[in-house]
Amino acid sequence: MVTASTTTSSKRTTILPVGPTISVPILTTTSPSIPSDATTHEKTLVTFTTTTTTTEEPIVLCEAARWFPNGIVVAGGNGGGGAMNQLYKPESIAFDRQQNLYVSDPSFSRIQKYSRNSEEIVTLVTSVKAGELFIDRYDNLYFTVSSSHTVQKRSAVGGSVEVVAGNGRYGAALNQLNAPKAVYVDREESVYVVDMNNQRIVKWLKRSTTGIMLFGGTGVLKNPVGLFVDEVNELGAVYVCTHNSKVVKWMPNTQQLITVAGSDKAGNGI
């Protein structure tokens with residue numbers, strides 16, 4: 001995930017990615033005005049401007065990594081219910097860049113935010129039975145709403161909520177969805193949607209009102225329920241898990257699906 005900052009001097013503007021900070025001096029020169037009758041040599045004034053270059057590296061776990069066997073409660077844990085310190089059948093979680101936790105609690109039509117460094121709990125979205133959550137690199141919150149057949153976005157700035165995929169009516173047209181199940185948002189803010197009842201994966205470009213079908217359809221995908229887009233290793237590769245016990249991979253500009261895990265038969269074998 002890469003964000004960008006802008007540093008401006010009197011001579012240039014530099015767009016830089018955001019992450020760990022590295023100070024880099026940039027040499028610029030300016031020539032002072034000299035009268036036409038001057039007999040002195042022209043002098044050059046040398047100035048230095050410091051810019052900030054930052055990068056963000058993905059976290060890579062080694063094969064021997066192990067989780068702690070005993071977990072701790074970070075949200076809910078006070079019995080099922082609709083109080084601020086309760087949840088009931090939470091559906092999905094996501095984290096922003098400050099490691100604050102977001103939880104969809106569709107049973108009480110809300111999305112809760114749990115601050116990392118305090119005990120503060122805030123209800124961000126109400127009156128919506130949100131399913132899958134996703135937070136982009138700008139901390140905008142996206143969520144699926146199966147009942148309205150839409151994917152919606154809550155802006156990190158101002159908190160406004162808007163529909164970014166689907167038109168509110170179920171159907172199979174490319175401006176419609178039918179029970180969207182999962183969502184992923186890439187660096188260009190394109191929205192990838194698991195359109196479960198239409199058995200397909202649809203991509204919506206930023207501010208588009210019509211989606212692009214990437215792959216799927218009856219007989220190709222069976223009840224897709226989750227997805228991930230590779231933006232690091234195989235750029236644009238889409239991984240989808242399905243109800244017929246397997247994970248498949250799709251590459252851009254191809255029609256072939258590759259099974260990368262599982263098979264068409266359920267089981268607990270390796």
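Counting the residues of region 191-216 that are over 19 Å from Asp136 (Cβ atoms) and either of a type in the set (Gly, Ala, Ser) or in a loop (DSSP other than H, G, I, E, B) (or both) gives 4. Hey, can you tell me all the residues within region 230-251 that are modelled with pLDDT of 90 or more and in a loop (DSSP other than H, G, I, E, B)? If the condition is that a residue be modelled with pLDDT of 90 or more and in a loop (DSSP other than H, G, I, E, B), then Glu231, Met251 are the ones that fit.
Based on this model, can you work out whether Gly71 counts as at pLDDT below 95 and either touching a Lys or Arg at 6+ places or on another chain (Cβ under 6 Å) or at positive phi (or both)? So Gly71 does not fit the description; no.
Does Val125 qualify as being assigned by TED's automatic domain parsing to the domain that holds Ile201, under 29 Å from Leu174 (Cβ atoms) and either at pLDDT 95 or above or surrounded by 16 or more Cβ atoms within 10 Å (Cβ to Cβ) (or both)? So Val125 does not fit the description; no.
Just one of (1) under 23 Å from the mean Cα position of the chain (by Cα); (2) of a type in the set (D, E, K, R); (3) assigned to a loop (DSSP other than H, G, I, E, B) fails for Lys222. It is (1). Just so you know, in region 146-155 the residues that are out of contact with any Phe, Trp or Tyr (no Cβ under 6 Å at 6 or more places or on another chain) and assigned to a loop (DSSP other than H, G, I, E, B) include one that is farthest from Asp195 (Cα to Cα), and it is Ser155. When Glu162 is tested against (1) in contact with a helix residue (DSSP H, G or I) (Cβ under 7 Å, 6 or more places away or on another chain); (2) assigned by TED's automatic domain parsing to the domain that holds Tyr192, exactly one condition is not met: (1). Take the conditions touching a strand residue (DSSP E or B) at 6+ places or on another chain (Cβ under 8 Å), over 20 Å from Ala179 (Cβ atoms), surrounded by fewer than 16 Cβ atoms within 10 Å (Cβ to Cβ) and modelled with pLDDT under 80 and apply them to Asp264. Does it pass? In short, yes. Quick check on region 211-220. Is at least one of its residues farther than 30 Å from Gln99 by Cβ, at pLDDT below 95 and in contact with a His (Cβ under 7 Å, 6 or more places away or on another chain)? No. Checked against the criterion of being acidic (Asp, Glu) and surrounded by 16 or more Cβ atoms within 10 Å (Cβ to Cβ), region 162-171 contains not a single residue that satisfies it. Has region 173-183 got any residue that is of a type outside the set (A, V, I, L, M, F, W, C) and under 19 Å from Ile93 (Cα atoms)? Checked region 173-183: at least one residue is of a type outside the set (A, V, I, L, M, F, W, C) and under 19 Å from Ile93 (Cα atoms). Where residues in region 134-153 are among the aromatic types (Phe, Trp, Tyr) and more than 14 Å from Arg110 (Cα to Cα), which of them is surrounded by the most Cβ atoms within 10 Å (Cβ to Cβ)? So the residue we want is Phe134.
Just wondering, is there one or more residues in region 165-176 that are in a strand (DSSP E or B), in contact with a Leu (Cβ under 6 Å, 6 or more places away or on another chain), at pLDDT 95 or above and not aliphatic (A, V, I, L, M)?
No, every residue in region 165-176 fails to be in a strand (DSSP E or B), in contact with a Leu (Cβ under 6 Å, 6 or more places away or on another chain), at pLDDT 95 or above and not aliphatic (A, V, I, L, M).
The values are calculated or read from the model by the stated rules, or taken from the named source; none is laboratory data. Treat the numbers as computed from the prediction; the structure is a model and nothing was measured. Every residue, glycine as well, gets a Cβ built from its backbone with ideal geometry; the counts of neighbours run over all protein chains shown.
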